[in-house]
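The values are calculated or read from the model by the stated rules, or taken from the named source; none is laboratory data. Quick caveat: nothing in here was measured; it's all calculated off a predicted structure. Reconstructed Cβ throughout: ideal geometry from the backbone, glycine too, with neighbour counts over all protein chains shown. Heavy atoms of the whole protein, side chains included, go into the accessibility calculation; ligands, DNA and RNA do not. Shrake-Rupley method; radii C 1.70, N 1.55, O 1.52, S 1.80 Å.
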Amino acid sequence: MSFAARLDGAVAAHGPLCVGIDPHPALLAAWDLTDDADGLAAFADRCHAAFAGAVSVVKPQAAFFERHGSAGVAVLERLLAGFAGSGTLTLLDAKRGDIGSTMDGYADAYLRVGAPLGADALTLSPYLGFGSLEPALTAADEAGRGVFVLARTSNPDGAAVQCATTADGVSVAQRMVDDAAARNAGARPRGAVGVVVGGTHEHGLDLTALNGPVLVPGLGAQGASPADVVSRFAGTAGPVLPVSARGVLQAGPDAVALRDAAHLLGEELASTAAGSH
């Protein structure tokens, strides 16, 4: 199945919520876990028990695994493998972006068939030019994976770059959306090139031609409410995947409590969306 078809199936089964898996030091401490590879592994195991087959997408943040070195990366590999076939898709948040042979290397690591850190999808940074992503886009196509390209992020500093206008008066962020749309043109049920658009502010983007999914960080602890997400992305044709990490993970470390927190937030999103129609 294509990435788009797998995503559609997961969202139909579990709703659109994407749960971030962010084992930062404070959260490890809150779960009474050690800030080392053993604590990280215990954290990952509990997240797998809570979310596999219960939510549509999980988004491990690569940095919180990489900070533990090779042992942490090994935990990440096991976590990604553990979700495979569970009905819950994995979106690895690594924001990779480079040029030439270096981008080829990232594609080999994360996106090609048999990639050691292969997830269902990967976040990419296009700010060396959208064309620099070609090795990653090609590898993702060949392996049936998806990518999510940064467009309009939720951090305030992003506006200085992303809202700057090109010579033809189009914002950089909109150009990234348009380039993703061009890549997705004609794909059915839709393309596998999504974009990342923060939910904490009005984004000002035209997403109608994207023909791909939109990842929306910022739900919960960063300040965006379900009503914000529904109103700011009304009319978006592809799946809109709001992300919550701390808002769900603070319910841990019990796996049942974590699953319940995700379901509760998912129900709130669904009821808010239903009320807006």
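Brief remarks follow.
- Here the stretch 60-175 exposes an accessible surface that is 55 percent carbon and sulfur, computed with a 1.4 Å probe and the other protein chains kept in place.
- Mean projection area, nm², convex hull over Cα of the chain: 13.6 nm²
- Percent of beta bridges antiparallel (DSSP, the chain, rounded to nearest 5): 5 percent
- Looking at the stretch 25-79, the trypsin sites (Lys or Arg not before Pro) that sit in a DSSP loop and have at most 16 other Cβ atoms within 10 Å of their own Cβ are Arg67.
- Two-site label geometry, Ala164 and Glu267: point separation in nm, points 7 Å out along Cα→Cβ: 4.7 nm
- Net charge of neighbours whose Cβ lies under 15 Å from the Cβ of Glu267, counting Lys and Arg as +1 and Asp and Glu as -1: -1
- Each part gets one Cα centre, and for the stretch 29-98 versus the stretch 197-222 those centres are 24 Å apart.
- Taking each DSSP H run with n ≥ 4 as -39500 (n - 2.57) and averaging over every residue of the chain yields -13500 deg cm²/dmol at 222 nm.
- Amide H contacts of Gly194 (H built 1.01 Å from N, in plane; Pro and chain starts excluded): Val147, Phe148, Val149 sit under 5 Å, all sequence-distant by 5 or more or on other chains.
- Two-decimal ratio, the stretch 66-216, of alpha-carbon radius of gyration to 2.2 N^0.38 Å: 1.05
- Compared with the rule-of-thumb size 2.2 N^0.38 Å for a compact globular protein, the stretch 127-277 has a Cα radius of gyration ratio of 1.11.
- Euclidean distance of C-alpha centroids, the stretch 169-187 and the stretch 101-124, integer Å: 22 Å
- Axial C-alpha extent at least 24 Å, average Kyte-Doolittle at least -1.0 - helices from the chain (DSSP): 255-276
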